[in-house]
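K.L.:
Got a structure for you, questions after.
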Amino acid sequence: MPPISDVVFDVGRVLIDFKYDHFIELLRGRGAQIVDVDDFTQKVDLIAYEHGEITNQQFLQRLGRLLSEPLPEEQLIAAWNNLFTPIREMLKLAGQLKAHCGVYLLSNTSDLHWQYLLIAFGLDKICHDRLASYEVGVMKPAPEIFAAACGRFDLRPESTLFIDDLEANVQGAIACGWQGLWHRGVVETRAAVEQLLGVELD
């Protein structure tokens, strides 16, 4: 395979972990009738939000309508953003790679979450550029989002490595001519990246 010139990281559960547990508990405590995360996703039409098809305000209104005891908008936003924990070893890996190749981020996510993640975890510092699904109206593993990333980041697919925790997304990238790495753990991913790029990182 051609040498790797660029690495594109997924964000969720690769660089930043997330859990909905406390958020769902908070909503239930305010009267929301939610069975589980999938039920929540359907009720607020999260997929449409992550496609950029509804605005932040429309999403917050949908969230608010779930509650019999309303929350002020600022508290609702804070609760929505309080899902994330950094995976520090992976953030460090991405930052180290910047000295060796192009480093980019490609995420299925919404406007509120993306803006929060960029600020809270300094994602711009560990990459050369980034792209979120809501910005282009398409989500991984659709080929259109990989085409959009190629255009935005000026990538050559055959020399680009894509790292994601979902195998379907990795296969989507491979189908578009990219190289792919299915992330299943920090140690394994770091070792694979060092081998593929022929570098030894501290």
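K.L.:
Among the residues of region 76-98, is there at least one that is under 22 Å from Gly172 (Cα atoms), among the small types (Gly, Ala, Ser), buried (at least 16 other Cβ atoms within 10 Å of the Cβ) and within 19 Å of the chain's Cα centre (by Cα)?
P.N.:
yes
K.L.:
List every residue pair whose Cβ atoms sit under 8 Å apart, with the two residues 6 or more apart in sequence or on different chains, where the first one lies in region 169-194 and is over 21 Å from Glu144 (Cβ atoms) and without any contact (Cβ under 8 Å) to a residue 40 or more places away in the chain and the second, anywhere, is of a type in the set (Val, Ile, Thr) and surrounded by fewer than 21 Cβ atoms within 10 Å (Cβ to Cβ).
P.N.:
Leu181/Thr189
K.L.:
While we're on this one: Hand me the list of helices (runs of 4 or more DSSP H) wholly inside region 1-111 holding 2 or more residues that are touching a Ser or Thr at 6+ places or on another chain (Cβ under 9 Å). Break it down into steps so the answer makes sense when it comes.
P.N.:
Values: elements: 21-29, 37-44, 46-50, 56-65, 73-81, 88-97.
In region 1-111, the matching helices (runs of 4 or more DSSP H) lie at 46-50, 56-65, 88-97.
K.L.:
May I ask you to list pairs of residues, at least six apart or on different chains, whose Cβ atoms are under 6 Å apart, with the first in region 108-131 being in contact (Cβ under 8 Å) with a residue 12 or more places away in the chain and the second being in a strand (DSSP E or B) and surrounded by fewer than 21 Cβ atoms within 10 Å (Cβ to Cβ)?
P.N.:
Phe121/Pro86; His128/Gly102
Readers should treat all values here as calculations from the given coordinates under stated rules, not as data from a laboratory. Remember, it's a predicted structure, so these values are computed and weren't measured experimentally. Ideal geometry is used to build each Cβ from the backbone, glycine not excepted, and the neighbour counts take in all protein chains shown.
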